[in-house]
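Written below as structure tokens is the structure these notes are about.
The values are calculated or read from the model by the stated rules, or taken from the named source; none is laboratory data. Being a predicted model, the structure only gives us computed values, none of them experimental. Note: ideal-geometry Cβ built from the backbone for every residue, glycine included; neighbour counts use all protein chains shown.
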Amino acid sequence: MAPAAVKVYGWAMSPFVARALLCLEEAGVEYELVPMSRQAGDHLQPDFLARNPFAQVPVLEDGDLTLFESRAIARHVLRKHKPELLVGDGSGSPEAAAMVDVWLEVEAHQHHAPTAAIMVQCILAPLLGGARDQAVIDENVPKLKKVLEVYEARLSKSRYLAGESVSLADLSHFPMLRYFMDTEYAALVEELPHVKAWWEELKARPAARKVTEFMPVDFGLRKKAEQ
Ligand SMILES: N[C@@H](CCC(=O)N[C@@H](CS)C(=O)NCC(=O)O)C(=O)O
């Protein structure tokens, strides 16, 4: 069998790697996941640094093109294979595409940091043998609450963030929320009816369900500790 033209390097439970995989799944692109181990320091090896000098996963290889940064990878995959997911109302208009860009920036610059901070303290810190830092959580909960209130207002006016059709702006939230929704702070989403319905719809998508298979909520760390 010929090797897949598209390769993704990384550990699939990473929300950043999952963003790339989610888009490949949404677009129905055949790909090979080249497994790597953070514990073994695979991302620090010269062959990987030649692919991403910032020593982070994911990296995507598409023929001769090598890309890093999960959001850039996501855009590339969809631009090439499912461009309708870069436009929020299916029209293909620059105005509709601009709305996707707005909400992608919101994900990256407003939503990501507080969600990740809470997730890391609630899930990752204890798994890595540390104590969670409640001060970090307490600082980020009101920040996330404020962001999600804006989402609630937006989603009460349109079905998805960028319009009436699902887009990358929605999908890009999935990987971090998948873990966040397993914390005791999931109520921040669940108490907002439109955000909750949006999340339920997002996680039920076949591509999201497929990617979730690679995303155990213990990041595969509990199994390793028992070995
Ligand atoms: N902005 C980057 C962030 C990538 C990132 O932080 N990746 C983590 C994956 S868990 C990583 O490779 N970390 C390397 C390390 O922990 O040394 C992206 O969106 O791709």
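Overview of values
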item: Unmet requirement for residue 89, which otherwise passes all of (1) surrounded by 12 or more Cβ atoms within 10 Å (Cβ to Cβ); (2) over 27 Å from residue 159 (Cβ atoms); (3) not assigned by TED's automatic domain parsing to the domain that holds residue 207; result: (2)
item: Cross-chain or 6+ apart pairs with Cβ under 7 Å, region 49-75 first and on the phi > 0 side of the Ramachandran plot, then within 8 Å of the ligand (Cβ to nearest atom) and not small (Gly, Ala, Ser); result: 55/43; 55/44
item: Every residue from region 88-112 that is more than 16 Å from the ligand (Cβ to nearest atom), in contact with a Phe, Trp or Tyr (Cβ under 9 Å, 6 or more places away or on another chain) and assigned to a helix (DSSP H, G or I); result: 103
item: Residue satisfying all of: in region 171-227; of a type in the set (A, V, I, L, M) and within 15 Å of residue 14 (Cβ to Cβ); surrounded by the most Cβ atoms within 10 Å (Cβ to Cβ) among these; result: 211
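A quick yes/no check of all residues on (1) free of Cβ contacts under 8 Å to residues at least 12 places away in the same chain; (2) within 20 Å of the chain's Cα centre (by Cα); (3) not in a loop (DSSP other than H, G, I, E, B):
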position	(1), (2), (3)
140	no, yes, yes
182	no, yes, no
196	yes, yes, yes
218	no, yes, no
